[in-house]
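Read the figures in this text as sums done on the coordinates, not as results from a lab. Quantities reported herein were computed from a predicted structural model and do not represent experimental measurements. Virtual Cβ from ideal backbone geometry, glycine too; neighbours counted across all protein chains shown.
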Amino acid sequence: MKKVTLVFSDIEVGTGNNTDDFVEEKLFCDTLKSNFHYHKKYNIDLVLNGDIFDFLKAPYKNSYPRHVTEKISLWKLEHMHKAHPGFFETLTEFINLGNTRIIFVIGNHDYDIIYSKIKKQLRKLILKDKIKMKKKIIFPGFEFKSYQVLFEHGSQMDQFFRVDPSTLIHPKIQTVIEEPFLLVPWGFNALKEHLLIIKEEFPILERVFPKDKIINKLNTQVKKRVIFDTFFYMLKSFFYTQFRYKKDKLYNFTWNDFKKYMRNFLNKDYDLKFEDKAEMKLLSSRFKVISYGHNHLSSLYKIKGKYILNTTTWRDEYEYSEETKTYKPLKKSYGFILHDKQKVYDIKLIYVKSEQKELKPSDIRGLKPISQSYK
Ligand SMILES: [Mn+2]
């Protein structure tokens, strides 16, 4: 029997504070609802392909604790629900159509889904009292396989975000922390202790592109914090902090990791690179399609008779236009696949126009005054 699979990634639902980048909630809900009619003819799978929730940038009671316990993740989820009731309500409507399923693939912003109480709570928020429909919400981990399509977020192919699922929940460490916590990559330290503090003050800066051009447009004070202070944060973490907190694995900063982070930083290389790996993985597998997100780009292309489907983010992002000297809101996108066991009948990348206004440089805190950089 043919089914429709809809795939979205990188929605980054947050807790409604300054680091929450999910602004176009209504646009997302309307987009999903515009696909509801397919249920009259087909079963529908909604694959939420990682970074659907932004546990990573969500604060816990006004701070960013590095040891993320199940209790902390639950608190964050509760506040995401409060900040974005429409999002959860739309998922409830979707599941109530009857012949539908929701699949949550884990991304690097929502490793927290690995906690069993998070899975339970997500089911509760979406199904409400219809617990009998429990099996319609699926948690496959980091990958989901459906007929000839392989879905994964992309972060497991990215050298900066790959984690070992079997050791992701680290047991408590005597004298350090009383409960198990998420053993995340080293970069999360820099983010939680240094970069998110800057983001709280200048929320849009991190959402404007292209990054290499934006760096030159930062005002002097912000530039110092983003470049100079980050460089010293890395040095200090490698030569001092990791020894100061020797018993705590979260602070471990190996020579290899240090080189990797430094190399990228010094080369001003801010792009996430894993597409080659995705291509190789697809070509050496039995799958006909690989679908990922993670790098906030969108594309659909064919290679040796197979398809690569990259769905972009639903965050509020902008791109600088030399022509108008303004920042234009970027389009969102999602994937549509009509398939059965034998065949892919249709595969599309569907673009959705943002409803946000374009921004002038003066609308973005942290950039230089126009006279200095927009001649
Ligand atoms: Mn990601």
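How would you rank PHE53, PHE36, going from fewest to most other Cβ atoms within 10 Å of each one's own Cβ? Kindly include the intermediate steps, with their values, before the conclusion.
Working: PHE53 28, PHE36 14.
Ordered by Cβ neighbours within 10 Å, fewest first: PHE36, PHE53.
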Between LYS331 and TYR351, 0.36 nm times their residue separation minus their Cα-Cα distance comes to what? 6.6 nm
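Order of MET234, MET1, MET280 from fewest to most other C-beta atoms within 10 Å? It would help to have the intermediate numbers written out before the result.
Values: MET234 20, MET1 6, MET280 11.
Fewest-to-most ranking of MET234, MET1, MET280: MET1, MET280, MET234.
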Virtual spin-label span in nm between PHE243 and ASP229, 7 Å along Cα→Cβ: 2.6 nm
Taking 132-141, 65-74 and ranking on average Cβ neighbours within 10 Å, highest first, one gets 65-74, 132-141
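Where the only charges are on Cβ atoms (+1 Lys, Arg; -1 Asp, Glu), what is the dipole of the chain about its Cα centre, to the nearest 20 debye? Write down the numbers at each step before the final one.
Values: 67 positive and 46 negative charges, 157 e Å.
It comes to approximately 760 debye.
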For the range 55-146, with the dipole built from +1 on Lys and Arg beta-carbon atoms and -1 on Asp and Glu ones, taken about the Cα centre, which of GLN121, ASN108, ASN62 lies farthest toward the positive end? GLN121
Of the range 185-225, those with amide N under 14 Å from the point 7 Å along the Cα→Cβ vector of ASN62 are none
Against the longest principal axis of the chain, how steep is helix 255-266, in degrees 0 to 90 to the nearest 10, with axes from Cα atoms? 80 degrees
Extending each Cα 7 Å along its Cβ direction at LEU297 and LEU338, get the distance between those two points in nm, one decimal. 3.0 nm
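Under the 0.36 nm per residue contour assumption, what length would be gained going from the current alpha-carbon distance of ASN256 and ILE169 to full extension?
Details: separation 87, 0.36 × 87 = 31.32 nm, distance 2.29 nm.
Full extension of this stretch gives 29.0 nm more.
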Where a ≥ b ≥ c are the square roots of the eigenvalues of the C-alpha gyration tensor, would you call the range 253-375 rounded, which needs a/c under 1.5, or, failing that, prolate if a/b is larger than b/c, or oblate? oblate
The simple spin-label model distance between LYS40 and ILE197, using points 7 Å out along Cα→Cβ, in nm, is 5.7 nm
As I understand it, the value is the acute angle between the Cα axis of helix 70-83 and the longest principal axis of the Cα atoms of the chain; what does it come to in degrees, rounded to 10? 70 degrees
